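Here the structure is laid out as structure tokens; the discussion comes afterwards.
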Amino acid sequence: MMYDVIILGSGPAGLSAAIYAQRARFHTLVIEEKPMSGGQILDTYEVDNYPGLPEITGFELGQKFRTHADRLGAEFVNEQVKEIRVNGENKQVVTNKAEYEAKALILATGAKHRKLMVPGEEELTGVGVSYCATCDGAFFRGKEVVVVGGGDVALEDALFLARGCDKVYLIHRRDEFRGARILQERVMETENIELVLNSRVTEIRGDGKVESVLVHDNIEETEREICVQGVFIAVGIEPNTLAVNGIAKQDEQGYIIAGEDTRTSVPGIFAAGDVRTKKLRQVVTAAADGANAVASVERYLSDM
């Protein structure tokens with residue numbers, strides 16, 4: 001069976017693309033690897049920055065996206081993509097269960113945050129542990145938090161949180177930051193940011209919510225407990241491109257190179273959401289990418 005478009009991934013970008021594709025009357029298939037649609041937002045306890053839906057949980061928002069796509073008749077399969085083949089104008093997707101073919105392909109496989117892999121991290125994600133300060137920082141106004149990391153994102157997160165939090169502990173495993181010098185200077189000048197260098201978080205503690213972190217000093221070989229209400233982990237993100245590596249051009253970090261029109265280096269293949277090169281990775285920008293991708297698919301198919 002030949003589809004007009006196959007969408008890989010069912011996060012905000014993939015579900016938005018599915019909605020727009022159905023409205024465009026495309027024969028559409030969405031391949032999702034996880035048993036539940038929604039992507040990373042499923043791990044977010046509360047989303048407060050998606051327009052028109054304040055204080056909605058990540059789970060609820062993901063389900064609203066999926067319900068909308070279902071209502072329009074989008075077809076979903078829960079399978080793992082093993083290989084993508086480009087055969088002239090046709091694209092073949094090989095999964096662990098079947099093979100599918102389409103005229104166009106939208107890659108919306110997202111990205112994932114690197115984790116500390118310490119006790120308490122998984123259990124307290126969404127109830128104090130966050131990977132996005134701009135998403136969740138507003139919930140911690142007047143509280144004390146920890147930021148873990150040493151690059152630009154960690155420094156920016158610390159500065160962002162310092163505007164509303166009583167205190168921000170910035171923990172980095174080395175004695176120097178990797179981030180831009182101007183950001184380092186601003187961090188040093190901010191009174192309510194305390195640097196905890198040459199240190200690493202070894203455990204995140206709390207009963208139902210974050211209450212403290214255990215920090216190991218790499219020089220003194222000692223440990224101390226810091227009482228906080230939030231832990232923001234900023235040690236990097238990586239795109240989910242295992243199944244699509246080598247298909248389209250990628251940057252040094254592995255993100256698929258594509259602009260606002262989502263066009264990749266391969267005609268008929270488009271990249272939407274966190275998996276593509278972009279400055280801001282938020283639910284709203286991912287949803288916008290899904291719409292842009294379908295608009296580009298329409299132009300592509302009309303020119304075939």
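The values are calculated or read from the model by the stated rules, or taken from the named source; none is laboratory data. As the structure is a computational prediction, the values presented were derived from the model and not from experiment. Glycine also receives a Cβ, built like all others from the backbone with ideal geometry; neighbour counts cover every protein chain displayed.
Do we find that Glu99 is of a type in the set (Asp, Glu) and under 26 Å from the mean Cα position of the chain (by Cα) in this structure? So Glu99 fails the test. The residues of segment 55-94 that are within 14 Å of Ile247 (Cβ to Cβ) and either surrounded by 15 or more Cβ atoms within 10 Å (Cβ to Cβ) or among the β-branched types (Val, Ile, Thr) (or both), listed by number, are Val81, Ile84, Val86, Lys91, Gln92, Val93, Val94. For first residues located in segment 89-116 and under 10 Å from Leu8 (Cβ atoms), partners that are aromatic (Phe, Trp, Tyr) and lie 6+ apart or on another chain with Cβ distances below 6 Å form the pairs Val93/Tyr100; Ile106/Phe270.
Scanning segment 1-43 for residues that are touching a strand residue (DSSP E or B) at 6+ places or on another chain (Cβ under 8 Å), assigned to a loop (DSSP other than H, G, I, E, B) and crowded, with 24+ Cβ neighbours inside 10 Å yields Gly9, Ser10, Ser37.
Quick check: anything in segment 48-57 part of a strand (DSSP E or B), aliphatic (A, V, I, L, M) and without any contact (Cβ under 8 Å) to a residue 12 or more places away in the chain? Checking segment 48-57: at least one residue is part of a strand (DSSP E or B), aliphatic (A, V, I, L, M) and without any contact (Cβ under 8 Å) to a residue 12 or more places away in the chain.
Quick grid of which residues meet (1) in contact with a strand residue (DSSP E or B) (Cβ under 8 Å, 6 or more places away or on another chain); (2) at pLDDT 95 or above; (3) not hydrophobic (A, V, I, L, M, F, W, C); (4) not assigned by TED's automatic domain parsing to the domain that holds Cys135:
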| position | (1), (2), (3), (4) |
| --- | --- |
| Ile193 | yes, yes, no, no |
| Asp207 | no, yes, yes, no |
| Val215 | yes, yes, no, no |
| Thr222 | yes, yes, yes, no |
| Ile257 | yes, yes, no, yes |
| Val266 | yes, yes, no, yes |
| Ala271 | yes, yes, no, yes |
| Arg281 | yes, no, yes, yes |
| Ala288 | no, yes, no, yes |
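Checked against the criteria, Val93 does not count as more than 30 Å from Thr202 (Cα to Cα), at pLDDT below 95, more than 23 Å from the chain's Cα centre (by Cα) and among the aliphatic types (A, V, I, L, M). Considering each residue of segment 271-291 in turn, at least one proves to be in contact (Cβ under 8 Å) with a residue 60 or more places away in the chain, under 12 Å from Ala104 (Cα atoms) and not in a loop (DSSP other than H, G, I, E, B).
The criterion of at least 2 residues that are in contact with an Asp or Glu (Cβ under 8 Å, 6 or more places away or on another chain), charged (D, E, K, R) and free of Cβ contacts under 8 Å to residues at least 60 places away in the same chain is met by the following strands (runs of 3 or more DSSP E) wholly inside segment 195-240: 222-227. Take Asp136 and decide whether it is touching a Ser or Thr at 6+ places or on another chain (Cβ under 7 Å), in the same structural domain as Leu214 (by TED's automatic domain parsing) and either under 20 Å from Val5 (Cβ atoms) or crowded, with 16+ Cβ neighbours inside 10 Å (or both). Spelling it out, Asp136 is indeed touching a Ser or Thr at 6+ places or on another chain (Cβ under 7 Å), in the same structural domain as Leu214 (by TED's automatic domain parsing) and either under 20 Å from Val5 (Cβ atoms) or crowded, with 16+ Cβ neighbours inside 10 Å (or both). Answer yes or no: is there a residue in segment 258-275 that is among the acidic types (Asp, Glu), surrounded by fewer than 18 Cβ atoms within 10 Å (Cβ to Cβ) and more than 30 Å from Glu122 (Cα to Cα). Yes, segment 258-275 contains at least one residue that is among the acidic types (Asp, Glu), surrounded by fewer than 18 Cβ atoms within 10 Å (Cβ to Cβ) and more than 30 Å from Glu122 (Cα to Cα).
Scanning segment 70-88 for residues that are assigned to a strand (DSSP E or B), touching a residue at least 40 places away in the same chain (Cβ under 8 Å) and over 19 Å from Tyr255 (Cα atoms) gives Glu75, Phe76, Val77, Asn78, Val86.
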